[in-house]
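**Q** Before anything else, here's the structure in question.
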């Protein structure tokens, strides 16, 4: 922010108070709906972080009757390693299946910059964590006086990895993916897969448009509910007790105060969103100055519009007080929505 912008930064204490007030306001907005929106982290975890529900969802994803998942154990989502990033990795859902699959399920509401890079980095962390736990389960802390047979076994399996599959459910258009589901892996120029132990299964909900009448599979059912729960007045349970229980966990009138507050926090700005909004402001100033269109006054108008958008003010009110055009305000809103609706 320039020294002559006329904008006085608020203190950290004031910002935290403002955020808490916004959380409380958002809780009241959530209570106007029938279901929590599972496209946000808190409700997503309430919806699928149940072992029976997750097993049903995963069997729908993998569609393998010969290697059906009989049970699943949900594990601690923390990744216990140091990474050269500001924010440590915490997975949405991490699990181990009865047939040895290590699973990470991620819900992503909006596309951040370098989304594919994030997928690679997060999968790398997940793979290393899974390898460590696999080694501990198979070898434990071996004593120093190993027999030749024990040393040979450890050497044979030194670089063996367990199957690690990352499932991304995205509420935005996924680059280079033409259908609602994409199975991505490392292949050579002839299309041969290097290994089937590492795979990215990516769902693009913007391309999942099956109406209720065309829902046939377990995969369809879970995707249909994820896409529509946030706006629906009623949801079908498809005569499935596990799905019915999952839907009940989304009912606003049955949600605990803790869950409602966690959901509200997911819907307001965190430090990450604040960083992104700062980037939007910098871009707006840079682009405007490059065109010779923005002086100090217009710079302040853009910042005012972004702040009012963040506060969910009506578009007409923002146009009136920021003195920006309707088109400019809508452009700012669309840019902001790519990230703030996480």
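**Q** Based on the Cβ-Cβ distance from residue 220 to residue 147, what FRET efficiency comes out when R0 is 41 Å, to the nearest 0.05?
**A** Efficiency computed from Cβ-Cβ geometry: 0.20.
**Q** Still on this structure, please answer the following. What's the FRET efficiency of residue 28 with residue 331 using the Cβ-Cβ distance as r and R₀ = 30 Å, to the nearest 0.05?
**A** So the FRET efficiency works out to roughly 0.55.
**Q** Could the peptides 321-327, 96-102, 145-151 be put in order, highest first, of the mean number of other beta-carbon atoms found within 10 Å of their residues?
**A** Listed from highest to lowest mean packing, they are 96-102, 321-327, 145-151.
**Q** Starting with the fewest neighbours, write out 44, 126, 139 ranked by other beta-carbon atoms found within 10 Å of each beta-carbon.
**A** Going from sparsest to densest Cβ surroundings: 139, 126, 44.
**Q** Could you list 128, 201 in order of exposure, starting from the residue whose Cβ has the fewest other Cβ atoms within 10 Å?
**A** Going from sparsest to densest Cβ surroundings: 128, 201.
**Q** Here is a follow-up. Percent relative contact order of region 110-208, based on C-alpha pairs within less than 8 angstrom and at least six residues apart?
**A** Values: 100 pairs, mean separation 28.4, N = 99.
After rounding, I find 29 percent.
**Q** Over all distinct Cα pairs, what is the inverse of the mean 1/r for region 32-266, reported as the Kirkwood hydrodynamic radius in Å?
**A** Every distinct Cα pair counted, the radius reaches 19.4 Å.
**Q** Using 0.36 nm times the number of residues separating residue 323 and residue 81, minus their current alpha carbon distance, what extension gain do you get?
**A** 82.2 nm
**Q** Further, regarding this structure: Applying a 10 Å radius around every beta-carbon, put 208-219, 111-122 in order of their mean neighbour count, most first.
**A** Going from most to least packed, we get 111-122, 208-219.
**Q** OK, next. What whole number of Å gives the distance from the Cα centroid of region 110-137 to the Cα centroid of region 138-212?
**A** When both Cα centres are located, 10 Å separates them.
**Q** Moving on. Describe numerically, in nm with one decimal, the distance between label points set 7 Å from Cα along Cα→Cβ at residue 239 and at residue 251.
**A** Going from the residue 239 label point to the residue 251 one covers 2.2 nm.
Bear in mind these aren't lab numbers, they're just calculated from the coordinates by the rules spelled out. Remember, predicted model here, so these are calculated numbers, not experimental data. FYI the Cβ positions are ideal-geometry reconstructions off the backbone, even for glycines, and counts take in every protein chain you see.
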